[in-house]
Amino acid sequence: MACRRARQSAPGVRIGVREGGWLAVINPPTLAVLPVDHELGSFLTVDWSNIRTTAELLQARAEQLSAKKEMMDEAIKKIRTSRNQSVRYWDKRLAHRLRKPLMPGELVLVYNKALETQWGNLFKHKWNGPYRIVEQVKNGPYIVAELDGTVLARSFAANHIKKFFPRGEIEQEEGEEEEDEEDEEEEGDEAQEEEEEEEEDGEEEPED
């Protein structure tokens, strides 16, 4: 009975009986107006109860639409500024991890992201390829192609691509390094022999 009388006198209050006491939850019939609503002129600040004619209704709707465009432009501007600041922050913080853009013609491997959502693929090949870089979309993903020139249907993000080093190039580079080391050793040996010969010549000079 008490709950029924409370509902009649306060329809916005929901009352429930629980063990140990009463539980009351206030459900206001209208949405609360916040300071931001007054600042932006949202629909909550319009006095809809005083609108009686079509002209007044159209005027209120027109004001809402004009305010909406202004708010959208301001929101886009703030989002763009925030994202540019975020890009500069992360570029500065991760400068030591950033790599140079991959150039067209370079060989790369592509990460198979589909394996992350599949079970039982622990020992599957996570990198596919090699492929050849075709181009990079401006500040975006890479377009790659098969070695025969067939372009893949989709593009790939930069963090899903890594440079591929063919075994022949690695062996060639290692061979060049070994040759350079041998040349340096030979030059050092020749210089040492020349120094020893000069010392011997100095010791064998005849006395006057």
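Output the residues belonging to region 62-88 that are under 27 Å from Trp48 (Cα atoms) and aliphatic (A, V, I, L, M). Give the derivation first.
Taking region 62-88 as the starting set, the residues that turn out to be under 27 Å from Trp48 (Cα atoms) are 62-75.
Ala62, Leu65, Ala67, Met71, Met72, Ala75 - these are the residues of region 62-88 that are under 27 Å from Trp48 (Cα atoms) and aliphatic (A, V, I, L, M).
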| said: If I ask for residues that are hydrophobic (A, V, I, L, M, F, W, C) and farther than 24 Å from Lys100 by Cβ, which ones from region 113-164 would you list? | reply: Ala114, Leu115, Trp119, Leu122, Phe123, Ala153
| said: Just to verify a result, which residue in region 152-176, among those that are part of a helix (DSSP H, G or I) and closer than 19 Å to Ile133 by Cα, is modelled with the lowest pLDDT? | reply: Glu169
| query | Within region 99-117, is there a residue that is over 30 Å from Val144 (Cα atoms), assigned to a helix (DSSP H, G or I) and modelled with pLDDT of 70 or more? | reply | no
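The values are calculated or read from the model by the stated rules, or taken from the named source; none is laboratory data. None of these values were measured; they are calculated from a predicted model. Glycine also receives a Cβ, built like all others from the backbone with ideal geometry; neighbour counts cover every protein chain displayed.
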